[in-house]
Every structure is written in C-alpha cells, then in structure tokens.
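Single-structure report; data block below.
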Amino acid sequence: MLSSTALIWGVALILLPLSGALLTFLFRAVATPIGVCVALAINLCTVRLAWLISTQEVPRYPLGGWGAPLGIDLYVDGLSMTLLIMGAVVGLAISCYAPSYFRSARHKMIYFWPLWLFLWTALNALFLSADIFNLYVTLELLSLAAVALAALAGSADALTGAMRYLLISLLGSLCYLLGVALLYHAYATVDIALLAERVVASPITSAAFGLMMAGLLLKTALFPLHFWLPPAHASAAAPVSALLSALVVKASYYLLLRLWLEVFGNVNVGIDVILGVLGAAAVLWGSLQALRQSRLKLLIAYSTVAQLGYLFVVFPLATVNANAWQGALYFALSHAFAKAAMFLAAGNMLLFCGHDRIIDLDRVVQRLPLSLSAFVLAGVSIIGLPPSGGFIGKWLLLEVAVAHALWGWAVVIVVGGILAAAYVFRVVGHAFTPAKNTYEVHAVPAVMEWVALVLAASSILLGLSAAQTLMLFGVGDPFSILSGEAPS
C-alpha cells in the first residue's frame, strides 16, 4: 500500500478541478487565469501519480477511513492511469484553446469554465472510483455537464442536439442504475473487488449485465446507438466538440471495460462476438457516412462513430489473446489526442472562413498552414499510418487477428484505415484548391493554431514511445483476470 502522502496526489485530481469550478464561478473576472492554472496543476499531479504507481504498489484508498463494503474506495492502476493522463493532456489543450475561441463571446466563458472544470472533476472521479454506484454518480455528473456544454453554442442545432443527448444520457444512466440495484440486491455490495469475488452466473446476474451493458453502449454511441452523437458533437463549440469526442465517450467505454474484465467475467459468453460485429459495422458505416458529409465538423463527428468501432472489435480478438486489450487502450489514447486536434483545427477553419463547408475551404493551406498541418497529422494517426500512436494500436489488434487467422476482423481494421484515408484526403484536397465562392476571412489567434498542432503531434509522438506506454498499461496488471485467454 502506498503511503498516505502519495495518495494525496490521487485525491488532488478530484479536488483541484472541483475547487477550480467553484472559484471560476465566484470570481468570473479572473476565471481564465484560474482555469489555466488549475489545468497545469492537474497535469503536474497526474505526472506525479503516474510516477508513483509505476515505482511502488498500486494504491487503494478508503475515503474517510471507511473501506469497502461500508465506505468508498479510490483505486488506480495502469488502465485508469492511462485515461487520467489522456484527460490531463487533452484538458490542458482545451483550457489553453478555449479563451481565444470565445474571445468574441466573453459571456459564454462565464459558463464554460465552471462547467468544463466540473466535467473534469467527474471524469477524474470516475477513473479513480472503485465501486459501481459511485461510478454511476460520476457518470451522471459527467453527462449533465457535457449536455450543458453542448448547448453552450446557443444555436438551434446545438440546443436540439443537446436535448437529444440529455434524453439518451438519462436513458443510459437509468439502465445502468437498474443493473446496479440488481447486483446490490443479489450480492449485498457495490464494491468492484468484492463483486469480482461474489458474482456467479445466474439469471439475476445476466439481467444486471444486460442492463448495464445496454446503458453504457448507448452512452458510448456504438452503432446502431450512435444516432445522437453526430448532431451533438458537430453543433457544439469547437473546444466542446473536442472534449466530447476525445474524453466523454471514453468514460463510458472505460466503465464498460472495467466491468467486463473484473465483474462479469463468467456471464458474457457469446456477447464478445456481438460487440465485435457491431464494432465492425460502426467502422464501416461511420467511415462511409463521413465520406458523404459536406461539413467538416460532421465529417469528424462521423469519424468518431467509426473510430469507436475499433474499441469493440477488440472484444472477440481478446477471446483468443488478452494482449489485444493493450491495442485497444493504445488506440483509445491516440484517438483522444488526434480527434481533439481535428476538432480544434476544424474550429480554426470555421472561425477563419465563417463556415465549415469542405468544398469551400479555398486554399486553407496557404492561410492556416499550422491548422491544416494539425489536421493532417491527426489524420495520420486516425488512418493508422506509422509512426503514429494509431498505427501502434491497430498493429497490436492486427497482430492478434493474423496470428489466430481471424481474417474477418483483420479485413475490417485494414478497410477502416483505407476509408479513413479517403475522407482525410478529401478534406486536404479541397484545402489545396481554390473555391468557387468567396467569403470574408477572420484572423485566428496563433495560440489556437499551435494548441491544435501540438495535440496532433502528441498523437504521432505516442507511436515513438510504445515501450514506455505499454509498460504503463501493465501497472497493476489490469488485464490479469484473463490470463492470456478470454473470460469463460
């Protein structure tokens, strides 16, 4: 067990953004300096915690001194630490980008900072939580903050998308909560570690598993439950679109993965193939829809639907080799950096041109070279070209598929990359050619271009640090329950 001093860093990841949300709400005149300082502090705490868990024992911290089953435990291992790092990096980028983006609508910043930092609080608390009811609470807080941020743009499309997002989110949360109630009734605990010891295959366990999985799949927007995602993400403000696609959908996926690995190892027989088929359909359908879009942000939103599919193709692959989980986690981390960079670059182009029509980008390469470079670098990772992080993630998945002659899944992964290349190069092609229609251009602050570029470059650099990243994944051996094989 780590020392109590070390555990403070984990608790700080929850208290810092929560305090920042309160301070930015109370002291609106200095909200931006407070928000940026909080984002920097969260990154420092994340680095410190990552170093501690990589050199010492993985911590479990009972809040208030009351451990399970009566109290609430906080827990961090390689899986949760990876997503904490993902949130810290993307969160810092959004915190630096948003003030310039909203410079002409200062009144929106009054609401952005408290909502964004509150969302970050819920996100960190979710990644650190160790019982399924606390996970429900954090997931619900996360969803409510995300809905409010999605509506921040104020347009009719944004409000419609946010309302649809709210209703779907509430339905997903209700399904998940019903599953929690069934498990508590059957096993008298909501602690994940205790449930892992007590859960056995039974009708009530299967019912809870089905309800919780259905709710989380709805929140993750897996095909065909994705209908709410493109309108909500495409109509939101650029920094909000980035955090929704990069972070928020990963929270429900993380929860699904945690439950799959630790709680429902004995009751998910056959479900892995269904998830894989839906994931494959998402890759193909989302990519084809992205190719059909005339607006850049809608293209990126449908790309998110497609990329999420890879995170579910891993389930049947993991039935033959648990190392496939590392590929999915690597891909999730790389996707967060790349997709956030894409949305931020799209926000720059939208601000510059006054629209995001792909055919009217009108030689953006000459006018916003850094933003287009960010889009291209992010596209390299989305496609899965070396040496990007997306390449490493897809390679790890392909390696398992080819080694075990699972050619269908291998074809989906390769075809998905080809389709991704098609819609990325479609945007790049119009960015190099003159448009038929002229428009008034607006200056884009340099910080907005550089933030997008640095984030996109991070998705590339992630592929050059595979050894260190995979070592982090293994801290606490989060996939040890599989022992190289699938759950029975």
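Of note:
- Under 15 Å, Cβ to Cβ, from Leu257 - net charge with Lys/Arg +1 and Asp/Glu -1: -1
- Taking 0.36 nm per residue of separation and subtracting the current Cα-Cα distance, fully stretching the chain between Phe227 and Trp450 would add 77.0 nm.
- Our compactness index for segment 179-320, the C-alpha radius of gyration over the empirical 2.2 N^0.38 Å, is 1.15.
- Annotation for His107 and Leu461: the two label points, set 7 Å from Cα along the Cα-Cβ direction, are 4.0 nm apart.
- Per-bin percent of Cα-Cα distances, segment 100-230 [10 Å]: 12, 35, 30, 15, 6, 1
- Inter-site label distance for Ala196 and Val415 at 7 Å from Cα along Cβ, in nm: 3.7 nm
- Relative contact order [Cα under 8 Å, 6+ residues apart], the chain, whole percent: 16 percent
- Percentage relative contact order, segment 121-191, counting C-alpha pairs under 8 Å, at least six apart: 33 percent
- Size descriptors for the chain, from the alpha-carbon set: Rg then Dmax equal 21.3, 67 Å.
- Partners for Lys250 among aspartates and glutamates (Cα-Cα distance below 17 Å; same-chain residues under 8 apart left out): Asp77, Glu140
- When each of the peptides 26-32, 331-337, 49-55 is scored by how many other beta carbons lie within 10 Å of its residues on average, the order from highest to lowest is 331-337, 49-55, 26-32.
- Residue-normalised accessible area of segment 356-486, expressed per residue, 1.4 Å probe, Å²: 46 Å²
- For the pair Ile274 and Leu26, the difference between a 0.36 nm per residue extended length and the Cα-Cα distance amounts to 84.4 nm.
- With contributions of -39500 (n - 2.57) from each DSSP H run of at least four residues, the per-residue ellipticity at 222 nm computed over the chain stands at -24500 deg cm²/dmol.
- C-alpha center-to-center spacing [segment 172-250, segment 290-328] in angstrom: 18 Å
- Taking Lys and Arg as +1 and Asp and Glu as -1, the other residues whose beta-carbon sits under 12 Å from that of Pro230 total +3.
- Relative pair counts by distance (%), Cα atoms of segment 34-165, 10 Å bins: 12, 35, 34, 16, 5, 0
- Heavy-atom surface of segment 190-338, accessible at 1.4 Å and reported per residue (Å²): 23 Å²
- When you restrict to C-alpha pairs under 8 Å that are six or more residues apart and normalise by the size of segment 356-416, the relative contact order lands at 16 percent.
- Of the solvent-accessible surface of the chain, computed with a 1.4 Å probe over protein heavy atoms with every protein chain present, carbon and sulfur atoms account for 70 percent.
- In this structure, Leu40 and Tyr184 have a Cβ-Cβ separation that, at R0 = 35 Å, corresponds to a calculated FRET efficiency of about 0.30.
- Cross-link table Lys339/Lys394; Lys219/Lys339; Lys108/Lys219, entries beyond 23 Å C-alpha to C-alpha: Lys108/Lys219
- Percent of C-alpha pairs per 10 Å bin in segment 336-389, short distances first: 26, 51, 21, 1.
- Gyration tensor (Cα) of segment 320-447, equivalent ellipsoid semi-axes in angstrom: 35, 15, 9
The values are calculated or read from the model by the stated rules, or taken from the named source; none is laboratory data. Remember, it's a predicted structure, so these values are computed and weren't measured experimentally. Please note: Cβ atoms are built from the backbone with ideal geometry, for glycine as well, and neighbour counts cover all protein chains shown. These accessible areas exclude ligands, DNA and RNA; they are computed on the full protein's heavy atoms, side chains included. Shrake-Rupley method; radii C 1.70, N 1.55, O 1.52, S 1.80 Å.
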